[in-house]
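*Asks:* Starting off with a structure, shown below.
The values are calculated or read from the model by the stated rules, or taken from the named source; none is laboratory data. Because the structure is predicted, anything quoted here is derived from the model rather than measured. Backbone-built Cβ (ideal geometry, glycine too); neighbour counts: all protein chains shown.
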Number of protein chains: 2
Amino acid sequence: MDLLDEPVPGVGTYEDFNTIDWVREKSKDRDRHREIATKSKESTLALMKSISDAFSGWLLMLLVGLMAGALAGGIDISAHWMTDLKEGVCLNGFWFNHEHCCWNSNETTFQERDKCPNWKSWAELIVGTNDGPFAYIMNYLMYVCWALLFSFLAVSLVRAFAPYACGSGIPEIKTILSGFIIRGYLGKWTLMIKTITLVLAVSSGLSLGKEGPLVHVACCCGNILCHLFTKYRRNEAKRREVLSAAAAVGVSVAFGAPIGGVLFSLEEVSYYFPLKTLWRSFFAALVAAFTLRSINPFGNSRLVLFYVEFHSPWHLLELIPFILLGIFGGIWGAFFIRANIAWCRRRKTTRLGHYPVLEVLVVTAVTALLAFPNSYTRMSTSELISELFNDCGLLDSSQLCNYANVSVTKISSDALPDRPAGPDVYTAMWQLSLALVFKMLITVVTFGMKVPSGLFIPSMAVGAIAGRGWCSPGADCITPGLYAMVGAAACLGGVTRMTVSLVVIMFELTGGLEYIVPLMAATMTSKWVADALGREGIYEAHIRLNGYPFLESKEEFSHKTLAMDVMRPRRSDPPLSVITQDGMSVEEVESLIAETSYSGFPVVVSHESQRLVGFVQRRDLVISIENARKRQEGVVSASRIFFTEYTPPQPPNSPPPLKLRGIMDLSPFTVTDHTAMDIVVDIFRKLGLRQCLVTHNGRLLGIITKKDILKHMAQMANRDPDSILFN
Amino acid sequence: MDLLDEPVPGVGTYEDFNTIDWVREKSKDRDRHREIATKSKESTLALMKSISDAFSGWLLMLLVGLMAGALAGGIDISAHWMTDLKEGVCLNGFWFNHEHCCWNSNETTFQERDKCPNWKSWAELIVGTNDGPFAYIMNYLMYVCWALLFSFLAVSLVRAFAPYACGSGIPEIKTILSGFIIRGYLGKWTLMIKTITLVLAVSSGLSLGKEGPLVHVACCCGNILCHLFTKYRRNEAKRREVLSAAAAVGVSVAFGAPIGGVLFSLEEVSYYFPLKTLWRSFFAALVAAFTLRSINPFGNSRLVLFYVEFHSPWHLLELIPFILLGIFGGIWGAFFIRANIAWCRRRKTTRLGHYPVLEVLVVTAVTALLAFPNSYTRMSTSELISELFNDCGLLDSSQLCNYANVSVTKISSDALPDRPAGPDVYTAMWQLSLALVFKMLITVVTFGMKVPSGLFIPSMAVGAIAGRGWCSPGADCITPGLYAMVGAAACLGGVTRMTVSLVVIMFELTGGLEYIVPLMAATMTSKWVADALGREGIYEAHIRLNGYPFLESKEEFSHKTLAMDVMRPRRSDPPLSVITQDGMSVEEVESLIAETSYSGFPVVVSHESQRLVGFVQRRDLVISIENARKRQEGVVSASRIFFTEYTPPQPPNSPPPLKLRGIMDLSPFTVTDHTAMDIVVDIFRKLGLRQCLVTHNGRLLGIITKKDILKHMAQMANRDPDSILFN
């Protein structure tokens, strides 16, 4: 019996921190599918199985949507409550947040909503009054203490249980979706710890958002739920389809924007996004959005994070400030990326990186100390954005809306800025300027610390303040909220280089097609300006910083090099290590494996002809030989290894041969040595290859791996090629 | 001097009805780009050129958006006017349409809007009254005559000037975008004639829509405007990027749905859709939508074709009728495709096809004769849909809204269906049922005639009638308009198999995220049901009918065949025709070209070794030899052709050699004979190949072309492989 008829366990799997072979994975899935389809004709049971297999994708999407929506709702509610806990507590029950607490008290009128008897600030609770410098200091102190407690818990939990839970996770998810394997990055521990610490980190008042990490949380849900279905558990390519959809779900619950979420996944994070996935992502994103709405964490049955309704049209001349905001966003984006990357590199290379807990505590302390005195930084960042986006109504109690002579009759919004501004507006503007500088600086050091941290919200906050600030008293703004929104889009665009998805997310927040044009103008300008100042978005920059093997699909490879310039072996190197199809013994192959560290070997007809037969993965070879030595009788070091279809008759006294044709890839990809590298890069991207063999006039000449390409690209861009760490 | 240093004109271009080589085109564009980038460092002028080159894409998008938006506006206005001309004429000026005419008259009240003194029906104009059977017959006759006149003009113009202007154009555009060349299909004559005849065909009252043809019109605009920019004129791949964006523009102006348009292009028509194109398409779609709005053809400053505003939420139980509508849509879609394809095949194969003008006139006459008596078929189909989508307001004069006991106080919509229906509602229901049967049958014979004809609107009409019909008096509908909308989406989905884009287009019509769920449920059901009854959408079916070489990217290739089963030569065939790199004379090559009809030849080291060097296109070879014989001194039949890098010294008396390495593709794609066909199909799709060479152990064995793959796929699906006509 030939033992190789049944697959050896482990053959065809990947090691951690390695790249998958998309072609092989997809081919495996098609084989599986074919088998089920063939069997389904035989019996009713098999037919049922085949139908359930076809619908398992949809079921999985439904589950991912439900789970991620529920988690997002839980995170929203807890973060809201804990943020309020820094300021005070509800007497009706400590589990009520400020807003909830005041809903229950009937005495509150609309105006005095913030002052309801049941909600006690810490000073009121401890010293009985909320007035006077002592009470202020009391509140201040409690605020800082809670913030420190939350952030300490967050960083400790991350360090103790799930180091992968820190950061926003989007750079890693992009890399994973492109075919890289990081075991545990999307596991259940990461999910649990990230969910908890995200709430803690957001509540601590650090300058970070929960939107990016929600994408990570949704992807964890997707990955964990994949284990329920063999189809997805066993196949790395199929699993990545689910993860792409999960990324869409993440943005969908973060902003209440399902279409924007799908486009985000398509534009920003996904690598392989077939149309079937588009439709399923859309389904999952909708399920998640409606789950979140039925949980109703904001208490207003609204789907979206920042609900705005503008009524006035904008004037064509206003495009000038919108474009200026775009320029500001682009410059800020480029500056932020540089500063943040420099800071993160410093963290990686100096002793700073050895004290992550201390770092988090110091940053939290500085943030809390500086944030408390300014009401715009004391409130949570998403509340701030919400306030900036909203236009002044007549009953608005916000400082920003304190314009003089508010008549009781309905005035058109056009008239609003023409009225003289009250003193509060000037105070507000002054406070906002301080908040802007503070947010800009503190976000640079915050993003990248060892706590979950997203930068959608801080970036948007910077832009929203700048936009609203443009509409300072005297400026001729029709809708100040729109300026805040355009500014937010511009800054977010500058940092992440998102385009369509950003505009669509913003469109879903307002719902008016009219406002797409300003948003588009600002986003476009911001992207151009930012691209002119630095090619990469923040996520790509972090991918590069971590040395992940990510082949960017947006950037064109623009150098005129050929495959022969990139392939190994180089001219001065020893020749390529190959295996002959019928001439090597187990011992020879084992010593070849021991001497080299290549992850695979080409199989040739003979050393002289160098005619290519196939390609064999190192891991598969090692496992198979080990397995054969253990299980297959008579296989010893002197046994010859055959990759041919038919094994020639062996001389009588020789040990039995080892047939390994089964583990050889019979269809390795080849290019000629004269192929332009831009074409090679295109092939690698589109087909998702790990390696490609190079031939010249039909003879095997060398090999190009994904790592070789990335190193070559780094070299061409005058960067350090050794920064690419993985294969 | 080596003449081959300067390119021979014609080398690298394609013949009509042939497939382009995407890899070569994209590589050419990268070369161009590299050259500009290198030059830009030399002088300021070159730098300016490089900047203008970078922005030319955006400028082109702007122009496409403006032109397509303007054309769409013109088409809307003319079609509206000519549709009304069938019924009567305006005394203020014949160029006013009915609505416009009545705006000007101050006497009309809201209720009596249809009866304004300045608008005269033909009977009023000729016999002075609108009452009595004689006047009715008069109007009837005029209606039919105008319809016949319009359709006669339409079909005659199409036949005389631009045969490509007929049909919806989407199947051909899909094929062109996948890399096929049909010269003149997107030319200026087609544009001009299609624009005019589209208006005529729509006005004639035939059961067809202008939405599909608008995509063709927009693509013509895109193609024509490409001629302004060398970057796009010279490169087939770049031009297809513009065409993809233009398709988005077409849907954007057709429905006023820019995001839906972009998704339509991505999901339905495009083949190669890089992210850069996504962003540009979005820009163009927005420009077009706003151009159309500023033309304001509907007179209501609305962007969208069917503006609806629903306020009531839907009940979870209503999902059952929505899913039933989905099933209806799916069944209708599958039935329509079968019936329409059977009819079109009959037209192609029998004598029916010889009398296109007569066919159009007969169908028009039947349509007009049957349509006039029923008010729901007499009005234009888009008006009908609009009326069905709209919910009953209290002041509505529509028959459908004639419910008894309409109280003056605002009643919640829930209560509406509970009120007893008036007699008009029953009449309306009866008329709608007749209209449904009529539309279903007449559309089958209409789509595919030699006039511009889209089927978005007729399909939506069928669905809308069915949906509204579900809400017959007694049924428990909260929002009857929503049922019409869901029905329309279901039927359109069944016919075209659109998914995400359809839901997003419908979402953009209503603007409420709430209604996505019903739309999605219906669309999903409809697609599943329709797919179960027949694999292909209407566009794919028409592509198949016409034998275009289109490699569907949505369908998985699921058979377990290998490259060696598909490649030519087959086992019994003579061996592959190859050219040796240094051994053949001009005469030998010419006779090889004359004896075979292959569109290209592999170049090998020698016949014995069969080691592959490169691939040379037949067209390039023919042109180059012809050119050399004319221009290069001494090249005669006995001259030897060299594809090698260095030409060995020739014996003294021999004629000068012909060096053709320049036209050889040095990096032909190869696969091994053991490569599974699903992988080969994947490579062809993703890289856009024309052909691929097959090797075995490093020796050239055969070739697989796109046509071979399509023939193989047809064979595996038990279809006639000879239905694939082009390469």
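*Asks:* So, of the residues in region B:564-582 that are polar (S, T, N, Q) and within 14 Å of another protein chain (Cβ to nearest Cβ), which turns out to be surrounded by the fewest Cβ atoms within 10 Å (Cβ to Cβ)? Break it down stepwise before answering.
*Replies:* Pass one, region B:564-582, residues polar (S, T, N, Q): B:572, B:577, B:580-581.
Okay, now just the ones that are also within 14 Å of another protein chain (Cβ to nearest Cβ), so B:580-581.
Details: B:580: 18, B:581: 23.
So, considering only residues that are polar (S, T, N, Q) and within 14 Å of another protein chain (Cβ to nearest Cβ), the one surrounded by the fewest Cβ atoms within 10 Å (Cβ to Cβ) is B:580.
*Asks:* Pick out the one residue from A:660, A:693 that is within 14 Å of chain B (Cβ to nearest Cβ), crowded, with 19+ Cβ neighbours inside 10 Å and over 15 Å from residue A:561 (Cβ atoms). Don't jump to the end; show me each part of the working.
*Replies:* Numbers: A:660 fails: within 14 Å of chain B (Cβ to nearest Cβ).
Result of the check over A:660, A:693: A:693.
*Asks:* Also, I was wondering about something else. Have a look at A:591, A:526 and point out the one that is modelled with pLDDT of 90 or more, hydroxyl-bearing (Ser, Thr, Tyr) and crowded, with 21+ Cβ neighbours inside 10 Å. Talk me through it step by step, then tell me what you get.
*Replies:* Details: A:591 fails: crowded, with 21+ Cβ neighbours inside 10 Å.
Going through A:591, A:526 in turn, just one is modelled with pLDDT of 90 or more, hydroxyl-bearing (Ser, Thr, Tyr) and crowded, with 21+ Cβ neighbours inside 10 Å: A:526.
*Asks:* While we're looking at this one, here's another question. Go through (1) buried (at least 24 other Cβ atoms within 10 Å of the Cβ); (2) in contact with a Phe, Trp or Tyr (Cβ under 6 Å, 6 or more places away or on another chain); (3) within 17 Å of residue A:180 (Cα to Cα) and name the single condition residue A:237 misses.
*Replies:* Just one mismatch for residue A:237, condition (1).
*Asks:* From the list A:335, A:306, which residue is touching a Phe, Trp or Tyr at 6+ places or on another chain (Cβ under 7 Å), more than 12 Å from every other protein chain (Cβ to nearest Cβ) and more than 30 Å from residue A:686 (Cα to Cα)?
*Replies:* On the way: A:335 fails: touching a Phe, Trp or Tyr at 6+ places or on another chain (Cβ under 7 Å).
Criteria check complete, one pass: A:306.
*Asks:* Go over the candidates B:32, B:24 one by one and state the one that is assigned to a helix (DSSP H, G or I), touching a residue at least 60 places away in the same chain (Cβ under 8 Å), under 29 Å from residue B:278 (Cβ atoms) and out of contact with any helix residue (DSSP H, G or I) (no Cβ under 8 Å at 6 or more places or on another chain).
*Replies:* On the way: B:32 fails: out of contact with any helix residue (DSSP H, G or I) (no Cβ under 8 Å at 6 or more places or on another chain).
Going through B:32, B:24 in turn, just one is assigned to a helix (DSSP H, G or I), touching a residue at least 60 places away in the same chain (Cβ under 8 Å), under 29 Å from residue B:278 (Cβ atoms) and out of contact with any helix residue (DSSP H, G or I) (no Cβ under 8 Å at 6 or more places or on another chain): B:24.
*Asks:* While we're here: State whether one or more residues within region B:709-723 are touching a strand residue (DSSP E or B) at 6+ places or on another chain (Cβ under 7 Å) and either at pLDDT 85 or above or within 14 Å of chain A (Cβ to nearest Cβ) (or both).
*Replies:* Here is the first cut: in region B:709-723, the ones touching a strand residue (DSSP E or B) at 6+ places or on another chain (Cβ under 7 Å) are none.
Checked region B:709-723: no residue is touching a strand residue (DSSP E or B) at 6+ places or on another chain (Cβ under 7 Å) and either at pLDDT 85 or above or within 14 Å of chain A (Cβ to nearest Cβ) (or both).
*Asks:* Please give the number of the condition residue A:129 fails out of (1) surrounded by fewer than 16 Cβ atoms within 10 Å (Cβ to Cβ); (2) at pLDDT 95 or above.
*Replies:* (2)
Residues are listed down the side, and each one gets a yes or a no for (1) without any contact (Cβ under 8 Å) to a residue 12 or more places away in the chain; (2) within 19 Å of residue A:592 (Cα to Cα):
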position	(1), (2)
A:642	no, yes
A:651	yes, no
A:654	no, no
A:666	no, no
A:681	no, no
A:692	no, no
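A quick yes/no check of all residues on (1) over 30 Å from residue A:71 (Cβ atoms); (2) in contact (Cβ under 8 Å) with a residue 60 or more places away in the chain; (3) out of contact with any helix residue (DSSP H, G or I) (no Cβ under 9 Å at 6 or more places or on another chain); (4) in a helix (DSSP H, G or I):
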| site | (1), (2), (3), (4) |
| --- | --- |
| A:307 | no, yes, no, no |
| A:311 | yes, yes, no, no |
| A:314 | yes, yes, no, no |
| A:323 | yes, yes, no, yes |
| A:344 | no, yes, no, yes |
| A:358 | yes, no, yes, yes |
| A:363 | no, yes, no, yes |
| A:384 | no, yes, no, yes |
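*Asks:* Determine which member of the set B:636, B:671, B:613 is buried (at least 21 other Cβ atoms within 10 Å of the Cβ) and over 30 Å from residue B:552 (Cβ atoms).
*Replies:* Working: B:636 fails: buried (at least 21 other Cβ atoms within 10 Å of the Cβ); B:671 fails: over 30 Å from residue B:552 (Cβ atoms).
After ruling out the rest, the residue left standing is B:613.
*Asks:* Can you name the number of the only condition in (1) buried (at least 22 other Cβ atoms within 10 Å of the Cβ); (2) more than 24 Å from residue B:291 (Cβ to Cβ) that residue A:558 fails?
*Replies:* With respect to (1) buried (at least 22 other Cβ atoms within 10 Å of the Cβ); (2) more than 24 Å from residue B:291 (Cβ to Cβ), residue A:558 is out only on (1).
*Asks:* If you don't mind, another one. Going through region A:515-531 one residue at a time, which ones are away from chain B (no Cβ under 11 Å) and of a type in the set (A, V, I, L, M)?
*Replies:* Result: A:522, A:529, A:530.
*Asks:* Looking at region B:663-690 only, could you name the residues that are facing chain A (nearest Cβ under 7 Å) and assigned to a strand (DSSP E or B)?
*Replies:* B:670, B:671, B:672, B:676
*Asks:* Related question: Looking only at region B:566-577, which residues are within 13 Å of residue B:694 (Cα to Cα) and touching a residue at least 24 places away in the same chain (Cβ under 8 Å)?
*Replies:* Passing the criteria: B:566, B:567, B:568, B:569, B:576.
*Asks:* In region B:583-607, which residues are within 12 Å of chain A (Cβ to nearest Cβ) and either without any contact (Cβ under 8 Å) to a residue 12 or more places away in the chain or in contact with a Phe, Trp or Tyr (Cβ under 6 Å, 6 or more places away or on another chain) (or both)? Don't jump to the end; show me each part of the working.
*Replies:* So the first thing to find is which residues in region B:583-607 are within 12 Å of chain A (Cβ to nearest Cβ), and the list is B:602-606.
Matches in region B:583-607: B:602, B:603.
*Asks:* Might you check whether a residue that is more than 11 Å from every other protein chain (Cβ to nearest Cβ) and among the β-branched types (Val, Ile, Thr) occurs anywhere in region B:24-36?
*Replies:* Within region B:24-36 (the criterion being more than 11 Å from every other protein chain (Cβ to nearest Cβ) and among the β-branched types (Val, Ile, Thr)), the answer is no, since none of the residues qualifies.
*Asks:* A follow-up question, please. Could you list, in sequence order, all residues of region A:533-563 that are within 13 Å of another protein chain (Cβ to nearest Cβ) and in contact (Cβ under 8 Å) with a residue 40 or more places away in the chain? If you could, list the steps in order and put the result at the bottom.
*Replies:* As a first pass, look at region A:533-563 and keep what is within 13 Å of another protein chain (Cβ to nearest Cβ): A:537, A:552-563.
Matches in region A:533-563: A:537, A:553, A:556, A:557, A:558, A:559, A:560, A:561, A:562, A:563.
*Asks:* If I go through region A:32-61 residue by residue, how many of them are exposed (fewer than 14 other Cβ atoms within 10 Å of the Cβ) and under 34 Å from the mean Cα position of the chain (by Cα)? So that I can check it myself, show each step before the final result.
*Replies:* Here is the first cut: in region A:32-61, the ones exposed (fewer than 14 other Cβ atoms within 10 Å of the Cβ) are A:35, A:38, A:41-45, A:48, A:51-52, A:55, A:59.
Checking the rest, the ones that are also under 34 Å from the mean Cα position of the chain (by Cα) come to A:51-52, A:55, A:59.
So the count comes out to 4.
*Asks:* Starting from region A:166-181, keep only residues that are among the aliphatic types (A, V, I, L, M), then list their pairs with residues that are assigned to a strand (DSSP E or B) whose Cβ atoms are within a distance under 9 Å, requiring at least 6 positions of separation or different chains.
*Replies:* Cβ pairs passing all conditions: A:170/A:454; A:181/A:19.
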